[in-house]
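See below for the structure under consideration.
The values are calculated or read from the model by the stated rules, or taken from the named source; none is laboratory data. Because the structure is predicted, anything quoted here is derived from the model rather than measured. Positions of Cβ are backbone-derived with ideal geometry, glycine not excepted, and every protein chain shown enters the neighbour counts. When the accessible area is computed, the model is the full protein with side chains, heavy atoms only, and any ligands, DNA or RNA have been set aside. Shrake-Rupley method; radii C 1.70, N 1.55, O 1.52, S 1.80 Å.
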Amino acid sequence: MDRPSQLIECGEFVLRRLRGQRDFVQLFTLIEESRDHLRPWMPWADGHDEHSTRELLVSSESKWESGELYNYVVAEDGGLIGMCQAYRAEPRGCRLGYWLHPCAVGRGIATRATAALAEAMFALADVGYLEIAHDLANAPSRAVPHRLGFTELRREQAPPPAAPSGCGIDLIWRLNRPATGGTFPGGRAGGTNSACSTAST
């Protein structure tokens, strides 16, 4: 099974694979400092503690190897400013997720990081489409798939637990694999230049 690159360079920031327990201190701090920012939309933020961070790091290692989940941190100047991920929703499809430290919002980083991750996933031969799901009330999250050329696919009941600020309905966006030689609107040949490149590690 092919895997995406473990390191994706995006100009002033990079996406890199989590490095197991070596990332514990930085990841724990990132989540703790972001809890108030995340709490309205991510129910897990309230229950965050050292144990949950260590569990995340362990599960990220095993799920990367199985091809079930690819967890990346967004790193800038040696520090962590967010996370993004791709996980298998169906055999030919993956869902993307993203969140940032509050100090990193408003700079287009979520859009560029998601564009870079989308390109990395479409480089895998067995990925036919990508999806993004978010609560219908979450306007900032809605902006990312809209900018990257995703199409609104459907609305469905959100799985529990409910997000405190959510309406309980998830909006699902989809982007199909570009035709051979093509690229999607958020890619390097599109309107939002991701300016990213992959490197093996």
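Listed values, structure above:
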quantity	calculated
Region 43-115 - Rg over Rh from alpha carbon coordinates, Kirkwood radius	0.98
Counting DSSP beta bridges with both ends in region 83-165, the antiparallel % (nearest 5)	65 percent
Solvent exposure of the chain as accessible area per residue, Å², 1.4 Å probe	48 Å²
Label-point gap, in nm, between ASP126 and ARG35 - each point 7 angstrom along Cα→Cβ	3.8 nm
Principal axis dimensions, region 1-103 - Cα atoms, whole angstrom, descending	37, 31, 24
Cα extents of the chain along the three principal axes, largest first (Å)	45, 40, 32
Average projection area in nm² (convex hull over Cα atoms of region 80-171, one quarter of hull surface)	6.4 nm²
Extension gain (nm, one decimal) between GLU156 and ARG22, 0.36 nm per residue minus Cα-Cα	44.4 nm
Highest-first arrangement of 79-85, 169-175, where packing means the average Cβ count within 10 Å	79-85, 169-175
Nonlocal amide H pairs with PHE13, under 5 Å, H built at 1.01 Å	none
Rounded to 5, the percent of DSSP beta bridges in the chain classed as antiparallel	90 percent
Pairwise label distance in nanometres, VAL105 with SER165, each label 7 Å out on the Cα-Cβ vector	0.6 nm
Highest-fluctuation residue, ALA113, ALA86, ALA139 considered, GNM on the chain with Cα pairs under 10 Å	ALA139
GNM flexibility winner over the chain from GLY47, GLY149, GLY168 (Cα, springs under 10 Å)	GLY47
Cut-off 14 Å between beta-carbons: net charge of the residues surrounding ALA75, Lys and Arg +1, Asp and Glu -1	0
Full-extension gain in nm, SER52 to HIS146, via 0.36 nm per residue minus C-alpha separation	30.6 nm
Residue with peak Gaussian network fluctuation, the chain [Cα springs, cutoff 10 Å], from ALA133, ALA125, ALA158	ALA125
Protein accessible area in the chain, 1.4 Å probe - carbon and sulfur %	52 percent
